[in-house]
1. Hey, rough spin-label estimate for R163 and A50, points 7 angstrom out along Cα→Cβ, what's it come to in nanometres?
2. For R328, tell me the accessible area in Å² from a 1.4 Å probe, rounded to the nearest 10.
3. Over every pair of different alpha-carbon atoms in the stretch 168-211, take the mean of 1/r and invert it; report that Kirkwood radius in Å.
4. Under 16 Å Cα-Cα from K55, which aspartates and glutamates qualify once same-chain neighbours fewer than 8 residues away are excluded?
5. Might you tell me the accessible area per residue for the stretch 83-227, computed with a 1.4 Å probe and given in Å²?
6. What spacing in nm lies between the two simple spin-label points modelled at S72 and T262, each 7 Å away from Cα in the Cβ direction?
7. For V307, what accessible area in Å² do you get when you roll a 1.4 Å probe over the heavy atoms of the protein chains, rounding to the nearest 10?
Amino acid sequence: MSDAWWTWVGIAVAVVFVGMGAWLVLASRRDARAAASRPARDSFRREEEAPAPPKKQLAVVLNPTKLDGDGSTQKATIAGVCADQGWAEPLFLPTTEHDVGFGQTRQALEEKVDVVCAFGGDGTVRAVAQEMIGTGVPMGLLAGGTGNLLARNLELPTDDLARAVTVALTGRNRHIDAGWLTLDPEDSHLDEHVGEGSSTGPARHAFLVMAGLGLDAAIMEDTSEQLKARIGWTAYVPAGLKNLLVERFKARVSIDGAPPMTVRARTVLIGNCGKLTGGINLMPDAEPDDGTLDVVVIAPRGLAAWVSVAARVLAKSGRSTQTLDRYRCREIEVHVDHDQMVELDGDIIGEARHIQIEVQPRALIVRTESGRSNTAA
(Lines give C-alpha, C1' and ligand atoms only; values in the text may rest on other atoms or scores of the structure.)
Protein backbone atom coordinates (compact mmCIF):
# COMPACT_ATOMS: atom_id res chain seq x y z
CA MET A 1 0.00 0.00 0.00
CA SER A 2 1.13 3.46 -0.79
CA ASP A 3 2.13 6.04 1.72
CA ALA A 4 -0.88 8.14 0.69
CA TRP A 5 -3.29 5.39 1.73
CA TRP A 6 -1.77 5.13 5.23
CA THR A 7 -1.91 8.88 5.52
CA TRP A 8 -5.71 8.89 4.94
CA VAL A 9 -6.20 6.04 7.41
CA GLY A 10 -4.34 8.02 10.08
CA ILE A 11 -6.45 11.09 9.41
CA ALA A 12 -9.70 9.05 9.70
CA VAL A 13 -8.63 7.50 13.01
CA ALA A 14 -7.70 10.92 14.36
CA VAL A 15 -11.09 12.33 13.35
CA VAL A 16 -12.87 9.43 15.13
CA PHE A 17 -10.92 10.00 18.35
CA VAL A 18 -11.50 13.75 18.23
CA GLY A 19 -15.27 13.19 17.75
CA MET A 20 -15.46 10.73 20.63
CA GLY A 21 -13.56 13.14 22.87
CA ALA A 22 -15.91 16.02 22.03
CA TRP A 23 -18.98 13.85 22.75
CA LEU A 24 -17.60 12.79 26.13
CA VAL A 25 -16.92 16.42 27.09
CA LEU A 26 -20.46 17.55 26.16
CA ALA A 27 -22.04 14.58 27.95
CA SER A 28 -20.13 15.30 31.14
CA ARG A 29 -21.28 18.94 31.07
CA ARG A 30 -24.92 17.89 30.68
CA ASP A 31 -24.59 15.49 33.61
CA ALA A 32 -23.05 18.23 35.74
CA ARG A 33 -25.84 20.66 34.92
CA ALA A 34 -28.49 18.03 35.73
CA ALA A 35 -26.82 17.19 39.01
CA ALA A 36 -26.66 20.86 39.93
CA SER A 37 -30.39 21.40 39.22
CA ARG A 38 -31.57 18.26 41.04
CA PRO A 39 -31.95 18.66 44.87
CA ALA A 40 -29.61 16.56 46.89
CA ARG A 41 -31.10 13.49 48.48
CA ASP A 42 -30.38 14.98 51.89
CA SER A 43 -32.59 17.96 51.08
CA PHE A 44 -35.62 15.69 50.59
CA ARG A 45 -34.89 14.11 53.91
CA ARG A 46 -34.74 17.55 55.62
CA GLU A 47 -38.13 18.60 54.15
CA GLU A 48 -39.75 15.39 55.33
CA GLU A 49 -38.37 15.92 58.81
CA ALA A 50 -39.44 19.63 59.11
CA PRO A 51 -41.47 20.27 62.29
CA ALA A 52 -45.25 20.62 61.98
CA PRO A 53 -46.71 24.14 62.37
CA PRO A 54 -47.77 25.01 65.94
CA LYS A 55 -51.34 24.10 66.90
CA LYS A 56 -53.90 26.82 67.43
CA GLN A 57 -54.83 27.55 71.03
CA LEU A 58 -58.00 28.63 72.81
CA ALA A 59 -58.04 30.68 76.02
CA VAL A 60 -61.05 30.51 78.34
CA VAL A 61 -61.66 33.31 80.83
CA LEU A 62 -63.99 31.59 83.28
CA ASN A 63 -65.98 32.62 86.30
CA PRO A 64 -65.44 29.88 88.91
CA THR A 65 -68.85 30.56 90.48
CA LYS A 66 -70.53 29.40 87.25
CA LEU A 67 -68.81 26.01 87.20
CA ASP A 68 -70.31 22.73 88.38
CA GLY A 69 -68.32 21.78 91.46
CA ASP A 70 -64.65 22.13 90.68
CA GLY A 71 -65.38 22.49 86.97
CA SER A 72 -63.40 19.40 85.99
CA THR A 73 -66.21 18.02 83.82
CA GLN A 74 -66.71 21.28 81.94
CA LYS A 75 -62.97 21.79 81.48
CA ALA A 76 -62.66 18.23 80.17
CA THR A 77 -65.44 18.92 77.65
CA ILE A 78 -63.67 22.05 76.41
CA ALA A 79 -60.31 20.27 76.18
CA GLY A 80 -61.91 17.32 74.38
CA VAL A 81 -63.41 19.51 71.66
CA CYS A 82 -60.06 21.27 71.23
CA ALA A 83 -58.31 17.92 70.81
CA ASP A 84 -60.93 16.71 68.32
CA GLN A 85 -60.37 19.85 66.22
CA GLY A 86 -56.57 19.48 66.32
CA TRP A 87 -56.06 22.43 68.68
CA ALA A 88 -53.62 22.61 71.57
CA GLU A 89 -54.59 22.20 75.21
CA PRO A 90 -56.75 25.21 76.17
CA LEU A 91 -55.54 27.91 78.54
CA PHE A 92 -57.90 28.40 81.51
CA LEU A 93 -57.83 31.78 83.27
CA PRO A 94 -60.20 32.09 86.27
CA THR A 95 -61.68 35.45 87.28
CA THR A 96 -61.45 36.84 90.80
CA GLU A 97 -63.48 39.10 93.06
CA HIS A 98 -61.24 42.03 92.20
CA ASP A 99 -60.85 41.30 88.49
CA VAL A 100 -63.90 39.92 86.70
CA GLY A 101 -62.05 39.21 83.45
CA PHE A 102 -60.17 42.30 82.29
CA GLY A 103 -56.65 41.31 83.30
CA GLN A 104 -57.19 37.66 82.39
CA THR A 105 -58.19 38.69 78.86
CA ARG A 106 -55.10 40.84 78.45
CA GLN A 107 -53.00 37.88 79.61
CA ALA A 108 -54.65 35.66 76.99
CA LEU A 109 -53.94 38.21 74.26
CA GLU A 110 -50.31 38.47 75.38
CA GLU A 111 -50.07 34.68 74.98
CA LYS A 112 -51.04 35.17 71.28
CA VAL A 113 -53.94 32.72 71.48
CA ASP A 114 -56.19 32.37 68.45
CA VAL A 115 -59.58 32.70 70.18
CA VAL A 116 -60.60 33.96 73.63
CA CYS A 117 -63.80 32.58 75.17
CA ALA A 118 -65.83 34.02 78.03
CA PHE A 119 -67.33 31.34 80.27
CA GLY A 120 -69.72 32.88 82.76
CA GLY A 121 -72.58 35.33 82.99
CA ASP A 122 -73.16 38.58 81.15
CA GLY A 123 -70.70 40.41 83.41
CA THR A 124 -67.87 38.07 82.44
CA VAL A 125 -68.77 38.43 78.77
CA ARG A 126 -68.74 42.21 79.02
CA ALA A 127 -65.36 42.32 80.80
CA VAL A 128 -63.72 40.01 78.25
CA ALA A 129 -65.24 41.88 75.33
CA GLN A 130 -64.15 45.26 76.65
CA GLU A 131 -60.49 44.23 76.49
CA MET A 132 -60.90 42.55 73.08
CA ILE A 133 -62.56 45.47 71.29
CA GLY A 134 -60.38 46.55 68.40
CA THR A 135 -57.83 43.73 68.78
CA GLY A 136 -58.96 41.69 65.76
CA VAL A 137 -58.91 38.48 67.82
CA PRO A 138 -62.20 36.50 67.71
CA MET A 139 -64.23 36.03 70.87
CA GLY A 140 -66.26 32.92 71.69
CA LEU A 141 -69.24 32.71 74.04
CA LEU A 142 -69.65 29.79 76.44
CA ALA A 143 -72.90 30.61 78.21
CA GLY A 144 -72.82 30.04 81.96
CA GLY A 145 -75.17 32.63 83.40
CA THR A 146 -78.90 33.20 83.81
CA GLY A 147 -79.46 35.77 81.08
CA ASN A 148 -76.74 35.01 78.50
CA LEU A 149 -78.07 38.05 76.65
CA LEU A 150 -75.43 38.42 73.93
CA ALA A 151 -75.44 34.68 73.14
CA ARG A 152 -79.23 34.72 72.79
CA ASN A 153 -79.22 37.82 70.59
CA LEU A 154 -76.60 36.21 68.32
CA GLU A 155 -78.51 32.89 68.37
CA LEU A 156 -75.60 30.96 69.87
CA PRO A 157 -75.89 27.71 71.87
CA THR A 158 -76.71 28.34 75.53
CA ASP A 159 -77.33 24.79 76.78
CA ASP A 160 -74.76 22.68 74.90
CA LEU A 161 -71.19 23.39 75.98
CA ALA A 162 -69.51 21.11 73.42
CA ARG A 163 -71.43 22.72 70.57
CA ALA A 164 -70.63 26.21 71.87
CA VAL A 165 -66.91 25.37 71.97
CA THR A 166 -67.09 23.96 68.43
CA VAL A 167 -68.66 27.22 67.22
CA ALA A 168 -65.89 29.19 68.95
CA LEU A 169 -63.21 27.14 67.18
CA THR A 170 -64.74 26.65 63.74
CA GLY A 171 -67.58 29.20 63.40
CA ARG A 172 -67.79 32.29 61.24
CA ASN A 173 -66.62 35.72 62.35
CA ARG A 174 -69.27 38.37 62.90
CA HIS A 175 -68.13 41.95 63.46
CA ILE A 176 -70.51 43.59 65.93
CA ASP A 177 -70.83 47.08 67.38
CA ALA A 178 -69.85 48.03 70.91
CA GLY A 179 -71.50 50.66 73.06
CA TRP A 180 -69.42 52.82 75.37
CA LEU A 181 -70.76 54.46 78.52
CA THR A 182 -68.83 57.38 80.00
CA LEU A 183 -69.64 58.61 83.51
CA ASP A 184 -69.03 61.99 85.07
CA PRO A 185 -66.91 61.19 88.18
CA GLU A 186 -68.50 64.10 90.05
CA ASP A 187 -72.05 62.86 89.42
CA SER A 188 -71.61 59.10 89.86
CA HIS A 189 -71.15 56.64 92.69
CA LEU A 190 -69.78 53.29 91.53
CA ASP A 191 -70.21 50.02 93.38
CA GLU A 192 -67.12 48.51 94.95
CA HIS A 193 -64.63 46.96 92.50
CA VAL A 194 -66.54 48.14 89.39
CA GLY A 195 -64.04 48.59 86.58
CA GLU A 196 -61.20 47.29 88.73
CA GLY A 197 -58.50 45.84 86.51
CA SER A 198 -59.87 47.29 83.27
CA SER A 199 -57.64 49.14 80.83
CA THR A 200 -60.11 52.05 80.54
CA GLY A 201 -60.57 52.85 84.22
CA PRO A 202 -63.74 53.28 86.30
CA ALA A 203 -65.29 56.11 84.26
CA ARG A 204 -65.60 54.31 80.89
CA HIS A 205 -67.37 51.00 80.33
CA ALA A 206 -68.28 48.94 77.27
CA PHE A 207 -71.57 47.14 76.77
CA LEU A 208 -72.77 44.81 74.04
CA VAL A 209 -76.50 44.38 74.63
CA MET A 210 -78.09 47.22 76.59
CA ALA A 211 -77.41 50.04 79.02
CA GLY A 212 -80.18 51.24 81.31
CA LEU A 213 -80.85 54.00 83.78
CA GLY A 214 -83.78 53.93 86.19
CA LEU A 215 -86.38 51.20 86.66
CA ASP A 216 -84.64 48.32 84.86
CA ALA A 217 -81.49 48.85 86.91
CA ALA A 218 -83.50 49.03 90.13
CA ILE A 219 -85.17 45.71 89.28
CA MET A 220 -81.81 44.06 88.73
CA GLU A 221 -80.48 45.53 91.96
CA ASP A 222 -83.40 44.05 93.93
CA THR A 223 -83.27 40.59 92.33
CA SER A 224 -81.68 37.86 94.44
CA GLU A 225 -78.75 36.00 92.90
CA GLN A 226 -79.80 32.87 94.78
CA LEU A 227 -83.31 33.13 93.36
CA LYS A 228 -81.93 33.58 89.83
CA ALA A 229 -79.82 30.46 90.28
CA ARG A 230 -82.93 28.50 91.36
CA ILE A 231 -85.68 29.69 89.01
CA GLY A 232 -83.89 31.57 86.22
CA TRP A 233 -85.14 34.79 84.64
CA THR A 234 -88.53 34.63 86.43
CA ALA A 235 -86.66 35.74 89.53
CA TYR A 236 -86.95 39.29 88.16
CA VAL A 237 -90.76 39.29 88.49
CA PRO A 238 -91.01 40.05 92.25
CA ALA A 239 -88.50 42.89 91.93
CA GLY A 240 -90.39 44.20 88.91
CA LEU A 241 -93.69 44.32 90.78
CA LYS A 242 -91.99 46.06 93.70
CA ASN A 243 -90.59 48.84 91.50
CA LEU A 244 -93.39 49.11 88.95
CA LEU A 245 -94.93 52.32 90.28
CA VAL A 246 -91.88 54.14 91.67
CA GLU A 247 -91.84 57.86 91.05
CA ARG A 248 -90.90 58.98 87.55
CA PHE A 249 -87.80 61.13 87.16
CA LYS A 250 -87.08 64.14 84.96
CA ALA A 251 -84.41 63.68 82.31
CA ARG A 252 -82.82 65.90 79.69
CA VAL A 253 -81.93 63.78 76.68
CA SER A 254 -79.72 64.91 73.78
CA ILE A 255 -79.64 62.73 70.64
CA ASP A 256 -76.62 63.01 68.32
CA GLY A 257 -75.72 66.46 69.61
CA ALA A 258 -79.19 67.94 69.13
CA PRO A 259 -80.57 70.39 71.73
CA PRO A 260 -81.74 68.43 74.80
CA MET A 261 -85.40 67.55 75.25
CA THR A 262 -86.96 67.18 78.69
CA VAL A 263 -88.91 63.99 79.40
CA ARG A 264 -90.53 62.27 82.35
CA ALA A 265 -89.41 58.66 82.52
CA ARG A 266 -89.31 55.53 84.60
CA THR A 267 -86.40 54.14 82.63
CA VAL A 268 -84.13 55.07 79.71
CA LEU A 269 -82.69 52.13 77.80
CA ILE A 270 -79.99 52.30 75.13
CA GLY A 271 -79.61 49.08 73.16
CA ASN A 272 -77.11 47.55 70.78
CA CYS A 273 -79.30 44.42 70.67
CA GLY A 274 -83.04 44.18 71.21
CA LYS A 275 -83.79 40.97 73.13
CA LEU A 276 -84.06 40.95 76.90
CA THR A 277 -84.24 38.18 79.47
CA GLY A 278 -87.20 35.87 78.88
CA GLY A 279 -87.14 36.41 75.13
CA ILE A 280 -88.80 39.85 75.29
CA ASN A 281 -87.88 41.80 72.16
CA LEU A 282 -87.94 45.36 73.44
CA MET A 283 -86.18 46.80 70.38
CA PRO A 284 -87.29 44.77 67.35
CA ASP A 285 -85.35 46.92 64.87
CA ALA A 286 -82.04 46.74 66.73
CA GLU A 287 -79.16 44.94 65.03
CA PRO A 288 -75.79 44.45 66.72
CA ASP A 289 -73.84 45.42 63.60
CA ASP A 290 -75.79 48.32 62.07
CA GLY A 291 -73.61 51.10 63.52
CA THR A 292 -76.46 52.64 65.52
CA LEU A 293 -78.00 52.43 68.98
CA ASP A 294 -81.73 52.10 69.70
CA VAL A 295 -83.19 54.15 72.53
CA VAL A 296 -86.41 53.50 74.45
CA VAL A 297 -87.84 55.93 77.01
CA ILE A 298 -90.59 54.26 79.08
CA ALA A 299 -92.86 56.55 81.09
CA PRO A 300 -96.24 54.99 82.04
CA ARG A 301 -98.05 56.69 84.95
CA GLY A 302 -100.25 53.84 86.21
CA LEU A 303 -101.17 50.19 85.86
CA ALA A 304 -103.36 50.79 82.80
CA ALA A 305 -100.50 52.56 81.05
CA TRP A 306 -98.16 49.69 81.96
CA VAL A 307 -100.58 47.22 80.37
CA SER A 308 -100.52 49.33 77.20
CA VAL A 309 -96.71 49.39 77.19
CA ALA A 310 -96.53 45.61 77.70
CA ALA A 311 -98.99 45.02 74.85
CA ARG A 312 -96.96 47.18 72.48
CA VAL A 313 -93.71 45.45 73.44
CA LEU A 314 -95.20 41.99 72.94
CA ALA A 315 -96.65 43.10 69.59
CA LYS A 316 -93.18 44.42 68.59
CA SER A 317 -94.68 47.79 67.74
CA GLY A 318 -92.16 50.39 66.59
CA ARG A 319 -94.46 53.38 67.15
CA SER A 320 -93.66 56.11 69.67
CA THR A 321 -96.29 57.28 72.16
CA GLN A 322 -96.36 59.31 75.37
CA THR A 323 -95.65 56.19 77.40
CA LEU A 324 -92.98 54.61 75.16
CA ASP A 325 -90.76 56.75 72.93
CA ARG A 326 -88.24 55.30 70.48
CA TYR A 327 -85.15 56.90 68.93
CA ARG A 328 -82.07 55.82 66.97
CA CYS A 329 -78.68 57.45 67.31
CA ARG A 330 -74.93 57.13 67.34
CA GLU A 331 -74.52 59.22 70.50
CA ILE A 332 -76.78 60.09 73.41
CA GLU A 333 -76.36 62.15 76.56
CA VAL A 334 -78.72 61.91 79.53
CA HIS A 335 -78.97 64.18 82.59
CA VAL A 336 -81.40 63.24 85.38
CA ASP A 337 -82.64 65.28 88.33
CA HIS A 338 -81.54 62.83 91.02
CA ASP A 339 -79.32 59.73 91.33
CA GLN A 340 -80.50 56.73 89.31
CA MET A 341 -79.23 53.17 89.22
CA VAL A 342 -77.21 52.33 86.09
CA GLU A 343 -76.85 48.86 84.58
CA LEU A 344 -74.79 47.47 81.73
CA ASP A 345 -75.79 44.15 80.16
CA GLY A 346 -77.71 43.28 83.31
CA ASP A 347 -75.01 44.22 85.84
CA ILE A 348 -75.42 47.14 88.23
CA ILE A 349 -72.38 49.44 88.20
CA GLY A 350 -73.67 52.13 90.60
CA GLU A 351 -75.63 55.38 90.53
CA ALA A 352 -75.28 58.44 88.31
CA ARG A 353 -76.97 61.67 87.27
CA HIS A 354 -75.17 62.13 83.96
CA ILE A 355 -74.22 59.54 81.35
CA GLN A 356 -72.82 59.77 77.82
CA ILE A 357 -73.09 56.84 75.42
CA GLU A 358 -71.65 56.31 71.95
CA VAL A 359 -71.37 53.42 69.51
CA GLN A 360 -68.14 52.01 68.10
CA PRO A 361 -69.21 50.26 64.89
CA ARG A 362 -68.08 46.69 64.11
CA ALA A 363 -65.37 46.85 66.75
CA LEU A 364 -65.61 43.31 68.17
CA ILE A 365 -65.31 39.96 66.37
CA VAL A 366 -67.56 37.22 67.74
CA ARG A 367 -67.56 33.63 66.52
CA THR A 368 -71.08 32.61 65.43
CA GLU A 369 -72.63 29.70 63.56
CA SER A 370 -73.74 31.61 60.47
CA GLY A 371 -72.05 35.01 60.59
CA ARG A 372 -75.45 36.77 60.73
CA SER A 373 -78.59 36.05 62.71
CA ASN A 374 -81.62 34.60 60.98
CA THR A 375 -83.53 37.81 61.60
CA ALA A 376 -80.83 40.10 60.22
CA ALA A 377 -81.55 41.91 56.99
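The values are calculated or read from the model by the stated rules, or taken from the named source; none is laboratory data. These numbers were taken from a predicted model, which means no experiment stands behind them. Methodologically, a virtual Cβ is constructed for each residue, glycine included, from the backbone with ideal geometry; neighbour enumeration extends over all protein chains shown. These accessible areas exclude ligands, DNA and RNA; they are computed on the full protein's heavy atoms, side chains included. Shrake-Rupley method; radii C 1.70, N 1.55, O 1.52, S 1.80 Å.
1. In this crude spin-label approximation the distance works out to 4.0 nm.
2. 120 Å²
3. 12.7 Å
4. Cα-Cα hits under 16 Å: D84, E89, E111, D114.
5. Roughly 39 Å² per residue, with all protein chains present.
6. Rounded to a tenth, the inter-label distance reads 6.5 nm.
7. V307 has an accessible surface of roughly 100 Å² with all protein chains in place.
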